[in-house]
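Read through the structure below, which is laid out as structure tokens, and then see the notes.
Rule-based calculations on the coordinates, nothing more; no lab input. Fair warning: this is a prediction, and the values are worked out from it, not measured in the lab. Here the Cβ positions follow ideal geometry from the backbone for every residue, glycine too, while neighbour counts run over all protein chains shown.
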Amino acid sequence: MLIQIAEIYNITLDELVKPLPDKKIKPKLNLGKKRMLITLLSIGLVWFVATGVFAIFRFIPQTAQFAYLSFLAAPFVSSIVATVFSVLWGRRLTNTIACSALLWTFVLMLSQFLSAFNLTDLYWLFYIVAAPFQILIILWFVFRKVK
């Protein structure tokens, strides 16, 4: 009976009876984890650059007192990176969170820069202006139809 089956499939009886050699199957990378890793590494690179700028500015006497401002710009740049990757790979909720982070980190950075250079005392007005814009962001992502 086994000989007839081997003849039907045009293989030897030895190939039919012997167990197959173990082939190592490579596990597939989880796409979500891979995308999260890329996003986090990109944001980490932003903070690495901010740390480098901070260190360089600390060694220059004219800019040493304002070196900390590199860490105020880093959250804004990080939220730009997060928004880009969220638009590419994310869902509606992650897009909303990333755009909200972009708005509030911009307002924080702008108000702190203006406060650091004593350009205005009304930096708190930026937060009041940003609140309606936050509502618009939420409405845009809630009521927008996606194709």
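Once C-alpha pairs closer than 8 Å and six or more residues apart are averaged by separation and normalised to the residue number of the chain, the relative contact order reads 16 percent. Rounded to the nearest 20 debye, the dipole magnitude of the range 28-143 is 680 debye, with +1 charges on Lys and Arg beta carbons, -1 on Asp and Glu beta carbons, and the Cα centre as origin.
Cα-based radius of gyration for the range 28-143, normalised by 2.2 N^0.38 Å, reads 1.25.
Per-residue Karplus couplings for the range 30-35, computed as 6.51 cos²θ - 1.76 cosθ + 1.60 with θ equal to phi - 60°, are listed in order as 5, 5, x, 5, 5, 5 Hz, Gly and Pro entered as x. Computed 3J(HN,Hα) for the range 37-46, one whole-Hz value per residue from the Karplus formula 6.51 cos²θ - 1.76 cosθ + 1.60 where θ = phi - 60°, is 5, 4, 5, 5, 5, 5, 5, x, 5, 4, glycine and proline marked x. Projecting the Cα atoms of A82, Q134, S100 onto the charge dipole of the range 28-143 (Cβ charges, centred on the Cα centre) puts A82 farthest toward the positive pole. Across the range 63-80, coupling constants 3J(HN,Hα) worked out from phi with the 6.51/-1.76/1.60 Karplus curve, θ = phi - 60°, read 10, 4, 6, 10, 5, 5, 5, 5, 7, 7, 7, 4, x, 5, 5, 4, 6, 5 Hz, and Gly and Pro carry x. The count of lysine pairs in the chain with alpha-carbon distances below 26 Å, taking only pairs 8 or more places apart or on different chains, stands at 8. Peptides 92-104, 1-13, 116-128, 73-85 ordered by packing proxy, namely the average of other Cβ atoms within 10 Å per residue, highest first: 73-85, 92-104, 116-128, 1-13.
Direction-averaged projected area, Cα convex hull, the range 92-147: 4.0 nm², rounded to one decimal. Quick one: Cα centre-to-centre distance for the range 71-147 and the range 16-48, in angstrom? One Cα centre to the other: 33 Å.
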